[in-house]
Amino acid sequence: MTDVTGSGSDVPPMQVLWPLPASGSRIEPDEPVQQLAELYAYPDSGCWVRANMVATLDGAAAGQDGRTGSINAVGSSADRVVFHLLRGLADVILVGAGTVRAEHYRPPKPYPALAGQRELLEQSPAPVLAVVTRSGDVPDELVPGGDDAPDGRVLVVTAESAGSAVLNRLHDRFGATNVLVAGAERVDLTVAVDALSDMGLDRMLCEGGPSVLGELVAGGELDELCLTWSPVVTSGFEPRILSGLPVNERFDLRHLLHSDGTLIGRWVRS
Ligand SMILES: NC(=O)c1ccc[n+]([C@@H]2O[C@H](COP(=O)([O-])OP(=O)(O)OC[C@H]3O[C@@H](n4cnc5c(N)ncnc54)[C@H](OP(=O)(O)O)[C@@H]3O)[C@@H](O)[C@H]2O)c1
C-alpha cells in the first residue's frame, strides 16, 4: 500500500458495493486516487456544495471527548483517504468555528496526488479554508504565517453583529480581504455560499459541524452528502451530523464503498 495523499494515510483495500457491477467491485490498488477522484468528481460547471461527515452506527457525530477521531478509530484509514481526497478536489472548505476549535484545524495543505489536475482546473495548490463565526474566536494557528508556505488561504465569514471591535481584530489578524460579512445577526449560509461562488470558489466542501451543516440544509444549499459510517456504537449525548431547524430532504445514493467494516457513501439531493 502506498501513501498517495501525502497525509500519512495508506490506501487500504476498498470495494465498491454500489453501483454494481459497472464500475467494478473494488478500488484498483494501482491507481486508487484517480478512481476515487472520478467517483467524487464535481460537476463540470456551477456552484456545488458537498458535505463530508462521519457518524457511528448509532448516529453520533463525535466521541465523548467531543472529537471525531475517537469515533473513527476502527477502519479509519479508508475514511482518511476519502477525507483528504475530497479536500484535494475542493476549491474551498467551509467549516464552523466550533469544529475548527474542537478539531484543532490548521490551514489546508496541498494534495500532491492531484496537483496536476488542480493546475489544469486553475485551482490553487491547496483549497481555501472558510471559517464561519459570529464571535470571531478563530485560533491563532489559522492566522497566516507570512512565509512562502503553499498552505491554503484562510477566510473568516462572519456577521455584522460581531461588532466593530471583533471585525477590526479579524482584519488585523487575517487581512481585510479575507474577512467576509455575510449576514446581519448571524451568518446567512446562502449569502456566504453566494459570496464564495462569486470569488470563483464553486467546488465547495463543508466539513460541518452539525450547526453549520444544519443551516446549509435548512437553506436548501446542500447538493451532496458524503457520509462515513464507522462500525462502532457509542451511546452518550453527542450531536448527530446535523442540528438546528427540522428539515426533510431526500437524497439519492450515488455510490457506496466498503473497507474493513467501514461504509463510505455519497448521496446527491433528489
Ligand atoms: N462527525 C463529523 O463528521 C463532524 C464534523 C464536524 C464536526 N463534528 C463535531 O461537531 C462538534 C462541533 O459542533 P458544532 O455544531 O459546535 O460545530 P460547528 O457548526 O462547526 O460550529 C458552531 C459554531 O460555528 C459558528 N456558527 C455556526 N453557524 C453560524 C452562523 N449562522 N453565524 C455565525 N456563526 C455561526 C459559531 O461560532 P462562534 O462560536 O465562533 O460564533 C458556532 O458556535 C465537535 O464535537 C466536532 O468534533 C463532527
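The values are calculated or read from the model by the stated rules, or taken from the named source; none is laboratory data. Here the structure is a predicted model, which means the values were calculated and not measured. Here Cβ is always computed from backbone atoms with ideal geometry, including for glycine, and neighbour counts include all displayed protein chains.
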Exercise for the section: With the checklist (1) assigned to a helix (DSSP H, G or I); (2) of a type in the set (Gly, Ala, Ser); (3) within 8 Å of the ligand (Cβ to nearest atom) in hand, flag the one item Gly66 doesn't pass. Expected result: (1)
Practice task
Evaluate segment 156-167: report whether one residue or more is under 28 Å from Leu36 (Cβ atoms) and within 20 Å of the chain's Cα centre (by Cα).
Solution key: no
Exercise for the section: For residues that are assigned to a loop (DSSP other than H, G, I, E, B) and crowded, with 17+ Cβ neighbours inside 10 Å, scanning just segment 100-110, find the one that is nearest to the ligand (Cβ to nearest atom). Expected result: Glu103
Fill in the blank from the handout: The number of residues in segment 200-250 that are part of a loop (DSSP other than H, G, I, E, B), buried (at least 21 other Cβ atoms within 10 Å of the Cβ) and of a type in the set (Gly, Ala, Ser) is 2
Fill in the blank from the handout: Sole miss for Arg87 among (1) within 9 Å of the ligand (Cβ to nearest atom); (2) charged (D, E, K, R); (3) assigned to a helix (DSSP H, G or I) is condition (1)
Completion exercise
Looking across segment 146-179 at residues that are among the polar types (S, T, N, Q) and more than 10 Å from the ligand (Cβ to nearest atom), the single one that is surrounded by the most Cβ atoms within 10 Å (Cβ to Cβ) is Asn178
Practice task
Assess whether Ala182 counts as being surrounded by fewer than 18 Cβ atoms within 10 Å (Cβ to Cβ) and among the hydrophobic types (A, V, I, L, M, F, W, C).
Solution key: no
Practice task
Among the residues of segment 207-245, write down those that are more than 9 Å from the ligand (Cβ to nearest atom), under 14 Å from the mean Cα position of the chain (by Cα) and over 21 Å from Leu57 (Cβ atoms).
Solution key: Leu216, Leu222, Asp223, Glu224
Exercise for the section: Determine whether Ala165 is at pLDDT 95 or above, over 22 Å from His104 (Cα atoms) and in a helix (DSSP H, G or I). Expected result: yes
Practice task
Go through segment 116-145 and give me each residue that's under 17 Å from the mean Cα position of the chain (by Cα), part of a loop (DSSP other than H, G, I, E, B) and within 15 Å of the ligand (Cβ to nearest atom).
Solution key: Thr133
Fill in the blank from the handout: Over segment 168-199, the set of residues in a helix (DSSP H, G or I) and within 20 Å of the chain's Cα centre (by Cα) is Asn178, Leu189, Thr190, Val191, Ala192, Val193, Asp194, Ala195, Leu196, Ser197, Asp198
Exercise for the section: Could you tell me whether segment 46-67 includes any residue that is at pLDDT below 90 and within 18 Å of Glu224 (Cα to Cα)? Expected result: no
Completion exercise
Pairing a residue in segment 126-141 that is of a type in the set (S, T, N, Q) with any residue that is within 12 Å of the ligand (Cβ to nearest atom), where Cβ atoms lie under 6 Å and the two sit 6 or more apart in sequence or on different chains, gives Thr133/Ala97; Thr133/Thr158
Practice task
Have a look at Ala113, Ala97 and point out the one that is small (Gly, Ala, Ser) and more than 16 Å from the ligand (Cβ to nearest atom).
Solution key: Ala113
Problem - His104, sole failed condition from (1) at pLDDT below 95; (2) out of contact with any Leu (no Cβ under 9 Å at 6 or more places or on another chain) - result: (1)
